[in-house]
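Participant: Mind having a look at this structure? Questions to follow.
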Amino acid sequence: MILGFAYFVASSQALKNALFEAFLAMTFLILPAVSIKIFTTFACHNFDDATSFLKSDYSINCKDPAHNFYSLYATGMILVYPIGIPLMYFVLLWRKRDLLEAGQTVKEESMSEEKALKLALEERKMNEIEDPTLKALSFLYGSYEPKFWWFEVFETLRKLALTGFLVFLAPGTAAQVLFSLIMCFFALVAYRDRRPFVSEFTDKFNNAAQLQLFFTLLGALAMKVNLDNENLQNKGYFDMILTGVQFVPTLIATIVNLVKAKRLTTTEIDTLLRESRQARSDKSGLDFGNVDLDDGGVELSAVGSSTQGSQRSTAPPSHIHRASSFNKFKGKKKGFKSKESETLANREERSLSKEAAGLGGEVVSKHEKIQRIMEEGVREAGDEKDPEADQNWEKVYDDATGFYYYQHKISGMSTWEIPEELEGKKA
């Protein structure tokens, strides 16, 4: 009531959306507990002497007029909670189904499922911006793919079936557990077949949870038929299996998804590095296409270097060759080489070849080749005679290592070694 009053007196649409989301969250939280309480009102135990008492409280006589009144009241509450709330969810979502579905089903006919999902999610997000009332329902559909906008209604009914509805079906018997097992099995098949969640991790984790629930109910059925009372040894095995069922499926799903997420992250990082290298190459007008960048032998400016106006955001070169470059600075401290950095530095020296150099047949390192390609690009632009060429290099202090590196103001490239222009000037 308080939320309803606040909703109608709220002046801004954003506040109304927040209040409505809070209302939906409240109904979601209280629905299972209230529904069970309502259904237990009708669960009476009939005795041979024609008496009947409430199973949840044997002090209450089911034939008492007061209980008959509460039974009538509970009947009305069934229409409000177990039936009314899921129906409200469905009506609210049905009215916005076209905006929520965002044409995902149609898109899948002409493109891959992954691309169709991505486009549909973007379109749904745009629909939320254009229709503020749609965002208030995100509590119900936000976790699901656009074409499964209705799945929260299915999930709500599944929970009610496994909790409240079972009160009416032979309570406390093996038949009740068997009915739960059947419903759990069909729900498991539905989730595995539809895969309704946007996140693949959530889909797999939910499948593991459904399997866990299925095996738990299977164990409950075995206990109901006294399968665990054959002997003490079998009872011990049975307890071990039930304990394992509670943890193993979820643990396996978590490990598998974490490993997969790590692989995806590594792939994404590699892709970003390649794209950033290509972007820097395009920006500087130099061709690095014939240079092998996969071996870590080229030092470029850090990812994310950008220029706005007269300000430049830079970072030191890749740390791979820092250790090998420290000793080349005149008057600098010697850095400690790690085994990995020594290996990479030696690999760079071994990678020298006349064919790879391509600059007059002389043997040069990959780094020197990049430097010379840059110089060739400058000369082609008519800048080779610039007497102030040495001013194109900027000396920058790196707080992380305590050393200086050199940043080229035009191309954006950076290096730990002293550029040839500056060495010639000092000489």
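The values are calculated or read from the model by the stated rules, or taken from the named source; none is laboratory data. Treat the numbers as computed from the prediction; the structure is a model and nothing was measured. So basically every Cβ, Gly included, is an ideal-geometry build from the backbone, and we count neighbours across all protein chains shown.
Participant: Name the single residue that is farthest from T173 (Cα to Cα) among those in the range 47-78 being in contact (Cβ under 8 Å) with a residue 12 or more places away in the chain and of a type outside the set (S, T, Y).
Facilitator: The residue in question is M77.
Participant: Could you tell me which residue of the range 1-40 is farthest from D131 (Cα to Cα), considering only residues that are of a type in the set (S, T, Y) and crowded, with 17+ Cβ neighbours inside 10 Å?
Facilitator: This residue is T40.
Participant: Filter the range 48-79 for residues that are surrounded by 12 or more Cβ atoms within 10 Å (Cβ to Cβ) and polar (S, T, N, Q); which is farthest from the chain's Cα centre (by Cα)?
Facilitator: Among those residues, the one meeting the criterion is T51.
Participant: Hey, which of the strands (runs of 3 or more DSSP E) in the range 1-69, taking only ones fully inside, have at least 3 residues that are of a type in the set (D, E) and at pLDDT 90 or above?
Facilitator: none
Participant: G236: over 28 Å from K55 (Cβ atoms) and either assigned by TED's automatic domain parsing to the domain that holds Y81 or small (G, A, S) (or both), yes or no?
Facilitator: Yes, satisfied.
Participant: Does D98 satisfy the criteria of being among the charged types (D, E, K, R), loosely packed, with under 12 Cβ neighbours inside 10 Å, assigned to a loop (DSSP other than H, G, I, E, B) and in the same structural domain as G164 (by TED's automatic domain parsing)?
Facilitator: no
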